[in-house]
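Some notes on the structure that comes next.
The values are calculated or read from the model by the stated rules, or taken from the named source; none is laboratory data. No experiment lies behind these values; they were computed from the predicted model shown. To get the accessible areas, we keep the full protein, side chains included, count just its heavy atoms, and leave off ligands, DNA and RNA. Shrake-Rupley method; radii C 1.70, N 1.55, O 1.52, S 1.80 Å.
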Amino acid sequence: MASMTTVLAASLALAAGVGTPSPGQGAVSVSGTFRKAADDAGYGAVTYAPGHVPAGSRIRVTERAGAQGTWIELRLEGVKANRTFGAHVHRKPCGTDPAAAGSHYQDLADPVQPSVDPAYANPRNEVWLDLTTDARGDGRSQTAVTWRIRVGDARSVVVHEHPTATGPGHAGSAGSRLACLTVPFV
């Protein structure tokens, strides 16, 4: 199976410090093995750039959501070694075309898309998961935001070719989309 989705029990949410889940609260962990987009009819974990994110490398995204906000972790294994990737939560699921994942998810949506205004494209209003890999091509990042992802408004994590820019006119930009994992955020 290219992608395995597990909705974690309430006890895990308690252990994560997000409190007792009520409707819309909980945790999700999605793991996948990257395939070339044309080879993955389910578009679970796809690579658009096998030179950077080879077929067979792995990804895991974990989300814990509660009353205090959302915590998200990204893990990559076996991708290009010793380099920094940008990574963000996107609005749509992955597809054969890298653009299928749509724009970055924003808590407060910028009326101008694509968003490059630092007032909207920033790590307080978006989920930024930039990471640097080690000599094996493994890397991990995590972030916490004080808001909850609206159910159905975010559907994937995209790995980009560069670290995320922060300046006016470029904020949120991170170069080409190298890979994508479809995630059913809670």
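Observations
- Accessible carbon and sulfur surface of the stretch 128-186 relative to its total accessible area, %, 1.4 Å: 51
- Annotation: amide H of residue 178 within the under-5 Å range of 159, 160, 161, sequence separation 5 or more or interchain, hydrogens built in the peptide plane.
- Euclidean distance of C-alpha centroids, the stretch 118-141 and the stretch 70-92, integer Å: 6
- Across the stretch 29-186, C-alpha contacts under 8 Å between residues 6 or more apart give a mean separation that, scaled by the residue count, equals a relative contact order of 29 percent.
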